[in-house]
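Novice: What follows is a structure written as structure tokens; I'll ask about it next.
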Amino acid sequence: MAKVLNSGIAAIYLLSLLFICGCASKSPNYYVLNSLQSGAPSAEKARAQNDLTIGVGPVKIPAYLDRPEITTRSAPDSLQFAEFDKWAEPLEKNLTRVIAENLATLLSTDRIGVFPWLNSAQVQYQVTVDITQLERMPDGKVILAARWNILGDQGENMLVIESSRFSIPIESAGYEAIASAESRAVEALSREIAAAVKSLPPVR
């Protein structure tokens, strides 16, 4: 009887060891958000056609998104953090760069600064963004919600105060499709910001 018990314990131990080794050997997948410049070949290409200077940032995200793991929402009040699917760089930094690259393309300028820029930089418009939500929802769509501002006179004058919300379908299963949908959501936000910049009176 003792021999049978010992054999059973040994088998359980061996299965547990194999499970642990299997989990430890699985490599994580890493993702980034893409800009218009690095996305589809049909996307607009940046052309420096004017001297408009834009400063982008700060771009802020909620604390629950400030982590390597990709966040999804399984219920209105429940979040899940992917164990093996992660952002390749801090999400806040990725968002700032992508918004800046998108605005460079949409506004046809290569004069884009990312916060914090040098005090000597003559920024005509500063774009600040507060992302309040960016994750896959239970209905299979990505939601991006944000409040954003455009400031002039070196950040001294508030020109635009806006909020945006986008619901973007996820085209297939998996985290790569989630990252792609989030990139399209950031593109939609960038287009709204670019349209607002274009509507402002020319800087003298």
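The values are calculated or read from the model by the stated rules, or taken from the named source; none is laboratory data. This is a predicted model, so every value here is computed, not measured. Cβ sites come from the backbone with ideal geometry, for glycine too, and all protein chains shown count toward neighbours.
Novice: For the subset of the range 136-164 comprising residues that are among the charged types (D, E, K, R) and in contact with a Ser or Thr (Cβ under 9 Å, 6 or more places away or on another chain), which member is nearest to Y125 (Cα to Cα)?
Specialist: Among residues in the range 136-164 that are among the charged types (D, E, K, R) and in contact with a Ser or Thr (Cβ under 9 Å, 6 or more places away or on another chain), the one nearest to Y125 (Cα to Cα) is R147.
Novice: In the range 83-120, how many are under 19 Å from I131 (Cβ atoms), surrounded by 17 or more Cβ atoms within 10 Å (Cβ to Cβ) and among the small types (G, A, S)?
Specialist: Going through the range 83-120 one residue at a time, the tally reaches 1.
Novice: Now, a different point. What are the residues in the range 65-82 that are loosely packed, with under 12 Cβ neighbours inside 10 Å and part of a loop (DSSP other than H, G, I, E, B), if any?
Specialist: Answer for the range 65-82, where residues must be loosely packed, with under 12 Cβ neighbours inside 10 Å and part of a loop (DSSP other than H, G, I, E, B): P76, D77.
Novice: For the range 152-186, give me each residue that is without any contact (Cβ under 8 Å) to a residue 12 or more places away in the chain and either within 18 Å of K86 (Cα to Cα) or not in a strand (DSSP E or B) (or both).
Specialist: D153, E156, E171, S172, A173, G174, A177
Novice: Is one or more of the residues making up the range 64-72 more than 24 Å from E192 (Cβ to Cβ), at pLDDT below 95 and β-branched (V, I, T)?
Specialist: Taking every residue of the range 64-72 in turn, none turns out to be more than 24 Å from E192 (Cβ to Cβ), at pLDDT below 95 and β-branched (V, I, T).
Novice: A further question follows. Give L134, L52, L91, L95 a once-over and let me know the one that is over 30 Å from S27 (Cα atoms) and not basic (K, R).
Specialist: When all the criteria are applied, what remains is L52.
Novice: Give the number of residues within the range 188-204 that are surrounded by 13 or more Cβ atoms within 10 Å (Cβ to Cβ) and more than 13 Å from the chain's Cα centre (by Cα).
Specialist: 7
Novice: Determine the pairs where a residue that is touching a residue at least 12 places away in the same chain (Cβ under 8 Å) and within 17 Å of W117 (Cα to Cα), located within the range 79-106, has a partner that is of a type in the set (G, A, S) and surrounded by fewer than 22 Cβ atoms within 10 Å (Cβ to Cβ) with Cβ atoms under 6 Å apart, the partner being 6 or more residues away or on another chain.
Specialist: T96/G57; L103/A194; A104/A46
Novice: Looking at the range 94-115, can you tell me whether even one residue there is within 21 Å of S164 (Cβ to Cβ), outside any loop (DSSP other than H, G, I, E, B) and of a type in the set (G, A, S)?
Specialist: Yes, the range 94-115 contains a residue that is within 21 Å of S164 (Cβ to Cβ), outside any loop (DSSP other than H, G, I, E, B) and of a type in the set (G, A, S).
Novice: Would you pick out the residues in the range 165-187 that are of a type in the set (G, A, S) and surrounded by fewer than 17 Cβ atoms within 10 Å (Cβ to Cβ)?
Specialist: Those that are of a type in the set (G, A, S) and surrounded by fewer than 17 Cβ atoms within 10 Å (Cβ to Cβ): S167, S172, A173, G174, A177.
Novice: Then there is this: When the residues of the range 139-161 are narrowed to those that are surrounded by fewer than 13 Cβ atoms within 10 Å (Cβ to Cβ) and of a type in the set (D, E), which ends up modelled with the highest pLDDT?
Specialist: The extreme case among them is D139.
Novice: Working only within the range 121-138, note down all residues that are crowded, with 20+ Cβ neighbours inside 10 Å and either farther than 17 Å from V197 by Cβ or free of Cβ contacts under 8 Å to residues at least 12 places away in the same chain (or both).
Specialist: I131, L134, R136
Novice: Another one. Among the numbered criteria (1) hydroxyl-bearing (S, T, Y); (2) within 14 Å of the chain's Cα centre (by Cα); (3) under 17 Å from N50 (Cβ atoms), which one does S108 miss?
Specialist: Failed condition: (2).
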